[in-house]
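What follows draws every value from the coordinates through simple rules; no lab data is involved. No experiment lies behind these values; they were computed from the predicted model shown. All Cβ positions, glycine included, derive from the backbone under ideal geometry; neighbour counts span all protein chains shown.
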Amino acid sequence: MKKYLVHILVLVIVFSFTSCGSDDDVQPASQDDIVGVWILKSVENQGFDVPTMDCRAQQTITFNSDLTGGERFPENQMAPCDFSTTSYTWIRNGNLVTQSVAGEGTFVNEIILVNATQLQIVVTERNGMTVPQNQQEIFKYEK
């Protein structure tokens, strides 16, 4: 009987260790972590990071929790700043965010980084056409 109890105890210990894994701490991607108003800080193209200045320093992108959003961008880079806005709907699937803009089409963005204060995305597809690697720009935003 003692041997039987020892075997059961050993099995319980073995199973308790094998059921623990590092995957337990991985959180699935959430729509909520990109929700908010993000201010453009820089744009990187082919390894060159260009900080925003003048009117472009006021450019924003917004992701609302109801899956709508908008972008506010300057018509020109010189003062006075004349801004335009674009509205869109969006959906996130993992690290891909698809934006549908009425009259302009669909844009697929890959999230490179997202946390409480930073968002970095790159447009990888425009209207079903892949954006060539050498033309992809990384847009770097902050909250």
Open item on the list: Can you pull out every residue in the range 100-129 that is over 20 Å from Asp66 (Cβ atoms) and in a loop (DSSP other than H, G, I, E, B)?
Closed with: Gly103, Glu104, Asn115, Ala116, Thr117, Asn127, Gly128
TODO: Could you look through the range 61-74, keep only residues that are free of Cβ contacts under 8 Å to residues at least 24 places away in the same chain and in a strand (DSSP E or B), and pick out the one that is surrounded by the fewest Cβ atoms within 10 Å (Cβ to Cβ)?
DONE: Thr68
- [ ] Output the number of the condition that Thr106 fails; it satisfies all remaining conditions of (1) more than 15 Å from Ile39 (Cα to Cα); (2) among the hydroxyl-bearing types (Ser, Thr, Tyr); (3) touching a residue at least 40 places away in the same chain (Cβ under 8 Å).
- [x] (3)
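Have a look at Tyr88, Tyr141 and point out the one that is in contact with an Asp or Glu (Cβ under 9 Å, 6 or more places away or on another chain) and either over 15 Å from Leu40 (Cβ atoms) or surrounded by 10 or more Cβ atoms within 10 Å (Cβ to Cβ) (or both). Give the steps one after another, and end with the answer.
On the way: Tyr141 fails: in contact with an Asp or Glu (Cβ under 9 Å, 6 or more places away or on another chain).
After applying the criteria, what remains is Tyr88.
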Open item on the list: For the range 42-60, which positions are of a type outside the set (Val, Ile, Thr) and either exposed (fewer than 12 other Cβ atoms within 10 Å of the Cβ) or within 15 Å of the chain's Cα centre (by Cα) (or both)?
Closed with: Gln46, Gly47, Phe48, Asp49, Pro51, Met53
